[in-house]
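Following: one structure in structure tokens, then a few remarks.
Please treat every number below as a calculation from the coordinates, not as lab data. Predicted model only: the values in this text are computed from it and were never measured. Ideal geometry is used to build each Cβ from the backbone, glycine not excepted, and the neighbour counts take in all protein chains shown.
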Amino acid sequence: MNITGLELKLPITGDSVDFAPYLTTGQSRMLQKILLNKGSFNTSTSKVENLPTEAFFDMQDEAAKLLIRKVVKADGTELPFSREWIDNLPSQDGALVYERVNEITQSSNLSSEAKKK
């Protein structure tokens, strides 16, 4: 795996993926709404409960769409992100893409104090 800045070169396909460095506030809130729409918010604990597992997949897919700026195929062809592209990746490459999506999403949602820890 070769990571240069926000570019990720996939080891099997040789594709390079260019990621946005962070989620905007609006994008982050959109992802939070996915969870809130699929679960229930417990005001006593301030937590979302009764979330179906697929809610996390829906959130990841939406985050990938928001964060992946472009894909450069191994042959140099540039294309925009598409679900078809990611769904057809070998699972090892796809796991690396979603790992990066999760890293950016999580760091975008951390408070300044949490980032220092």
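Figure the gain on full extension for residue 99 and residue 56 (residue separation times 0.36 nm, minus the Cα-Cα span) and round it to one decimal in nm. Write down the numbers at each step before the final one.
Numbers: separation 43, 0.36 × 43 = 15.48 nm, distance 1.32 nm.
Going from the current span to full extension adds 14.2 nm.
What translational diffusion coefficient, in µm²/s and rounded to a whole number, does the Stokes-Einstein relation yield for the chain at 4 °C and a viscosity of 1.567 mPa s, taking the hydrodynamic radius as the Kirkwood radius over Cα pairs? Display every interim value, and only then the final one.
On the way: Rh = 15.4 Å.
Estimated via Stokes-Einstein, D reaches 84 µm²/s.
In sequence order, what are the phi-derived ³J(HN,Hα) couplings for segment 20-35 according to the Karplus relation 6.51 cos²θ - 1.76 cosθ + 1.60 with θ = phi - 60°, rounded to whole Hz, with x for glycine and proline?
Per-residue couplings from phi come out as 5, x, 7, 8, 6, 4, x, 5, 4, 5, 4, 5, 4, 5, 4, 5 Hz.
Residues of segment 77-111 with backbone nitrogen within less than 19 Å of a virtual label 7 Å along the Cα-to-Cβ line of residue 12, please, listed as ranges.
82-102
Between beta-carbons, use under 15 Å as the cut-off and find the net charge around residue 68, counting Lys and Arg +1, Asp and Glu -1. Before the final figure, lay out the partial values.
Working: positive: 9, 65, 69, 70, 73, 83, 100; negative: 7, 15, 18, 61, 62, 78, 84, 87, 93, 99, 103.
Taking every other residue near residue 68 into account, the sum is -4.
Mind counting lysine pairs for me in the chain? Cα separation below 15 Å, and the two need to be 8 or more apart along the chain or on different chains.
Details: 9/70; 9/73; 33/47; 38/47.
Close lysine pairs found across the chain: 4.
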